[in-house]
1. Among residues belonging to the stretch 311-324 that are in a strand (DSSP E or B) and among the hydrophobic types (A, V, I, L, M, F, W, C), point out the one that is farthest from Gly284 (Cα to Cα).
2. Between a residue in the stretch 339-363 that is more than 18 Å from Leu455 (Cα to Cα) and in the same structural domain as Pro449 (by TED's automatic domain parsing) and any residue that is among the acidic types (Asp, Glu) and crowded, with 20+ Cβ neighbours inside 10 Å, which pairs come within a Cβ distance under 9 Å, given they are 6 or more apart or on different chains?
3. Is it the case that Val109 is out of contact with any Ser or Thr (no Cβ under 7 Å at 6 or more places or on another chain), assigned by TED's automatic domain parsing to the domain that holds Ser175 and at pLDDT below 90?
4. Which residue is nearest to Glu454 (Cα to Cα), if the candidates are limited to the stretch 382-410 and must be outside any loop (DSSP other than H, G, I, E, B) and modelled with pLDDT under 95?
5. For Arg195, work out the one condition from (1) surrounded by fewer than 21 Cβ atoms within 10 Å (Cβ to Cβ); (2) within 24 Å of Arg312 (Cα to Cα); (3) modelled with pLDDT of 90 or more; (4) among the basic types (Lys, Arg) it doesn't fulfil.
6. Could you list all residues from the stretch 86-124 that are closer than 25 Å to Val148 by Cα and part of a helix (DSSP H, G or I)?
7. If I ask for residues that are among the charged types (D, E, K, R) and modelled with pLDDT of 85 or more, which ones from the stretch 210-229 would you list?
8. Are there any pairs, at least 6 apart or on different chains, whose C-beta atoms fall under 8 Å, with the first in the stretch 394-416 and farther than 23 Å from Ala337 by Cβ and the second of a type in the set (Lys, Arg) and assigned to a loop (DSSP other than H, G, I, E, B), and if so, which?
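The values are calculated or read from the model by the stated rules, or taken from the named source; none is laboratory data. These figures come from a predicted structure and were not determined experimentally. Reconstructed Cβ throughout: ideal geometry from the backbone, glycine too, with neighbour counts over all protein chains shown.
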Amino acid sequence: MGSRAAAFFDLDRTLIADSSALAMVEAFSEAGLVSSFEKPLAEAGRFFYRAVGETWIGMQLTRRSIQRLAGWSVEDVSGAARLSVAKLPVYEEARALIDRHHADGHLVVIATSTGRELVEPVAEALGADRLISSEYEKEEGRFTGRLVGQWLWGPDKAEAVRRFAEEEDIDLEESYAYSDSYYDRHLMELVGYPRPVNPDPLLRAYAVRKGWPVLAFGGGPLGALQSLELYDLLRAFGHPMLSPIRVEVEGVENIPASGGCIVAANHRSYVDPLVLGIVASRRGRKLRYLGKKEVFDAPLLGQLARATGQIRVERGTGDEKPLKLAIDAVARGEAAAIFPQGTIPRGRAFFSPKLEGKTGVVRLALATGAPVVPVAMWDTERLWPRSSRVPLVAELARRTPVHARVGEPYHLSAPGGRTNDKQLLHELTEQVMESIASLLPDDVRHPAPPEDDELRKAIPANVDPASVEL
């Protein structure tokens with residue numbers, strides 16, 4: 001395993017909204033390299049590429065077009081490429097993301113099938129540390145129209161990145177990859193943090209299957225549609241007229257309308273993630289959940305969790321990746337959702353006025369500086385009690401209401417940089433849990449002593465009641 005992380009960026013339609021080579025046609029024309037007949041053909045190809053992205057046929061034609069460089073002066077091509085850099089449509093989000101990776105100490109690498117002489121000025125202008133590109137053969141200062149080695153597209157690009165990682169001591173499991181193209185899936189599967197950007201239809205479908213979060217730079221050629229995920233399509237069912245659950249919400253305006261935040265809620269029922277998602281959708285937000293591995297291992301539910309880009313947590317393993325994924329989501333301006341209790345309390349603990357939580361929510365808040373938004377939910381157990389393997393269809397059919405109350409967001413801080421102080425983490429966790437509990441109605445937070453049947457409903461169906469405190 002390497003000692004350093006890297007961020008690998010595809011170039012065309014990922015960092016810039018164009019084909020870098022086609023975007024340079026005007027400069028090539030001024031240099032006398034492109035004829036007046038070829039220029040409109042290149043512009044038509046450029047328009048098609050911006051709208052559709054890479055296709056197998058298109059990329060094969062691109063590879064063959066390298067022969068067109070035969071006889072061109074390397075100096076003229078490099079000069080034209082440098083002159084065109086200022087005109088390239090670079091995404092502002094891409095610039096900000098590169099800056100963020102540099103701030104995190106990551107090596108920024110552009111990996112592209114385009115030839116080095118064409119893209120080196122772009123890489124320099126964007127502040128990339130390294131460039132992995134196809135190499136065009138040169139003789140006596142002119143291109144021959146042939147390649148040196150492989151054309152770095154598809155699996156060959158991924159292989160070049162793998163070799164680079166070995167040579168540069170890069171930890172691929174801790175690295176990122178950004179691309180718009182399905183044909184870069186091999187590269188994206190090499191790294192621990194794959195990130196589709198303005199994805200083409202095939203990559204979008206692949207991202208849904210893999211549960212990869214989708215990014216949109218510059219709105220993309222299709223505007224807001226570029227960043228749609230399966231979760232976004234399901235959010236329509238959060239509308240009161242379409243929702244399968246009747247949710248009565250107070251204080252939904254306390255959820256920030258935009259920007260990174262951490263939604264922390266209590267846990268009373270298996271239906272809570274759906275209810276919390278409905279609450280957030282009424283503020284126009286989608287949630288990136290941190291969920292225990294048992295959810296991801298469950299039939300159908302686990303597949304849905306992965307397809308909607310939720311974050312799997314294996315408690316007790318010491319794995320820091322879920323926290324890093326959540327930090328990454330918040331840094332992108334998303335709303336991370338977490339149930340600090342970790343699991344639904346059992347037996348008498350279900351009725352305790354004090355909510356016990358784990359420190360993950362605090363660690364996430366301290367790492368990101370994002371506000372914590374407390375949410376209290378109740379009556380969700382009426383739809384799906386702890387003791388039932390499935391929701392109670394009769395309660396759903398009669399539209400039994402469940403309730404949620406959203407508190408005001410607040411920030412957590414660790415004086416003196418004590419972010420790893422266990423005592424402080426537990427104190428701040430208690431503060432978070434109290435902020436959630438304080439939103440519960442008195443009769444829910446301080447219920448009458450539970451009857452035996454109520455206690456039995458708070459025990460999972462697969463658990464022996466004798467092993468739970470009644």
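1. Taking the stretch 311-324 and keeping what is in a strand (DSSP E or B), we get 311-313.
Subset that is among the hydrophobic types (A, V, I, L, M, F, W, C): 311, 313.
On the way: Ile311: 21, Val313: 26 Å.
Per the stated criteria, the residue is Val313.
2. Phe339/Asp272
3. Details: out of contact with any Ser or Thr (no Cβ under 7 Å at 6 or more places or on another chain): yes; assigned by TED's automatic domain parsing to the domain that holds Ser175: yes; at pLDDT below 90: no.
For Val109, the condition - out of contact with any Ser or Thr (no Cβ under 7 Å at 6 or more places or on another chain), assigned by TED's automatic domain parsing to the domain that holds Ser175 and at pLDDT below 90 - is not met.
4. Of the residues in the stretch 382-410, the ones outside any loop (DSSP other than H, G, I, E, B) are 382, 393-397, 402-406, 410.
From the residues that got through so far, the ones that are modelled with pLDDT under 95 too are 382, 393-397.
Working: Arg382: 11, Val393: 19, Ala394: 18, Glu395: 17, Leu396: 20, Ala397: 22 Å.
Selected residue: Arg382.
5. Against the list (1) surrounded by fewer than 21 Cβ atoms within 10 Å (Cβ to Cβ); (2) within 24 Å of Arg312 (Cα to Cα); (3) modelled with pLDDT of 90 or more; (4) among the basic types (Lys, Arg), Arg195 comes up short only on (1).
6. Restricting attention to the stretch 86-124, the residues satisfying the condition of being closer than 25 Å to Val148 by Cα are 108-124.
Scanning the stretch 86-124 gives Arg116, Glu117, Leu118, Val119, Glu120, Pro121, Val122, Ala123, Glu124.
7. Initially, the stretch 210-229 is screened for residues among the charged types (D, E, K, R), giving 210, 229.
Correct list: Lys210 only.
8. From the stretch 394-416, the pairs are Arg399/Arg246; Thr400/Arg246.
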